[in-house]
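Q: So that we are looking at the same thing, I have put the structure below in structure tokens.
The values are calculated or read from the model by the stated rules, or taken from the named source; none is laboratory data. Source: prediction; values computed, not measured. All Cβ positions, even for glycine, are placed from backbone atoms using ideal geometry, and neighbour counts span all protein chains on display. Side chains are part of the model used for accessible areas, which takes the heavy atoms of the whole protein and leaves out ligands, DNA and RNA. Shrake-Rupley method; radii C 1.70, N 1.55, O 1.52, S 1.80 Å.
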Amino acid sequence: MSNEQMSSPWNESERLAALRSYRVLDTPPEPEFDDLVQLAAHCCQAPIALISLIDERRQWFKAEVGLGTRETPLDRSICLSAMLQPGLTVVPDLAEDHRFASNPLVTADPRLRFYAGAVLRAPDGLPLGALCVLDHVPRVFSEEQAAALTLLARQVMSQFELRRAIAERDEQLEASHRIEQRQSLLVRELHHRVKNTLATVQGLVGATGRSTGSFDEFYRSFSKRISSLAKTHNLLTEDYWQTAPLREIALNELKPFAESRVPRFMLVGPPVELSADLAVPVGMALHELTTNAVRYGALSAPGGYVEIRWDVVEVEGFRKLHLEWREHGGPPVSEPQHCGFGSTLLQLVLPMQCNGKVEVRYDRAGLRFRMDAPLIEHRLVPGY
């Protein structure tokens, strides 16, 4: 007999869900349950006592005495039939009952002949199994023994409920502890990021001031750089200041050209998440490259376009970001006579901040920029 063949007043999937909610299946023996089966065997003067739970394709014993096994196939289960009864099921002689006469547990070892089982029922009424006693000979079950077995079955369910409540409490405490840890890490990361941002802004003020000739020019350049920094920070806040997607960082700078009838940029590369300490300088570098392309390079000419390619390569066991910026179709390019903030950022600041290698080539056909930097894989604040 299988679960699908039982004629039951309950929904079997709901019953199995209720059983698994106790998280007791396949757990090691516990004294609380071992004591209850010992007491059931003693009260009922039976050599075998079991706390039997009916799983999808087996009956599993949380505790047993006298049988010597922890589970049997479901087609040998006597408790499966007992679950269909409202309370106590007593079979004085299994060999004389047509439901069990051909059961291998009756016809072969251990040659069971007597069965009494009290249903283990969850508070919502769904049956989980039975507390049962068995004997090798037919016998009569007294009213006192029946009352004792029924009472002990209620105690089994009380232990299950207590066990589940303790497990749920422990899970809630652990979840609360994880949230507290996460909040602490988030505050630390935010503090670190604010300090870095203020330092970056301070550096931008000085560098922009030294590279501009008037207040209006300073204001325009500084505002655009702060706006670029803010866009990268917006991406970082979506992941609790941890990472930002490289593609989105590049799109933030090139969005003004996204709706052009003639393609003005190409983004080619796999999905890559940059840690905050890498995302911010890369975002600033792409801003400076875009600004330069609009003023003097490929994006200043109607047919010019920018190509950004990236990949992640493994070098000596470490993953590195390889990023290239190439300009096509713009005016002829020559190395600038004056080293402004953009050049300083790309060639001096960026390698130091990213712990990487940077190459800038002023090819006549278009500016070429290349960067190789190690990826920071560790997340300080874990994701939900």
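Q: If I model a spin label at R361 and N11 as a point 7 Å from the Cα along the Cα→Cβ vector, what separation in nanometres do I get?
A: Label at R361, label at N11, 6.7 nm between them.
Q: Let me ask something else about it. Ignoring ligands, DNA and RNA, please state the percent of accessible area on region 257-369 from carbon and sulfur, probe 1.4 Å.
A: Looking at region 257-369 in its full context, I get 52 percent from C and S.
Q: Something else now. With r as the distance between the Cβ atoms of S102 and L151 and R0 = 51 Å, compute the FRET efficiency 1/(1 + (r/R0)^6) and round to 0.05.
A: My answer for the efficiency is 0.95.
Q: Compute the length gained on full extension between R370 and V294: take 0.36 nm times their separation in residues and subtract their Cα-Cα distance, giving the result in nm to one decimal.
A: Result for the pair: 25.5 nm of gain on full extension.
Q: Grab the beta carbon distance between R23 and A175, set R0 = 22 Å, and tell me the FRET efficiency rounded to 0.05.
A: E between R23 and A175, to the nearest 0.05, is 0.90.
Q: OK, next. Taking only protein heavy atoms and a 1.4 Å probe, what accessible area per residue, in Å², does region 1-125 have with all protein chains in place?
A: So region 1-125 comes to 47 Å² accessible per residue, rounded to a whole number.
Q: For the ranges 159-169, 48-58, 15-25, 125-135, what's the packing order if you count other beta-carbon atoms within 10 Å of each residue, average per peptide, and put the highest first?
A: 125-135, 48-58, 15-25, 159-169
Q: How much length, in nm to one decimal, is gained on full extension between R164 and D93, taken as 0.36 nm per residue of separation minus their Cα-Cα distance?
A: 21.9 nm
Q: A follow-up question, please. Return the distance in nm (one decimal) between the two label points of a simple spin-label model at L348 and D277, each offset 7 Å from Cα along Cα→Cβ.
A: The two pseudo-label positions are separated by 2.3 nm.
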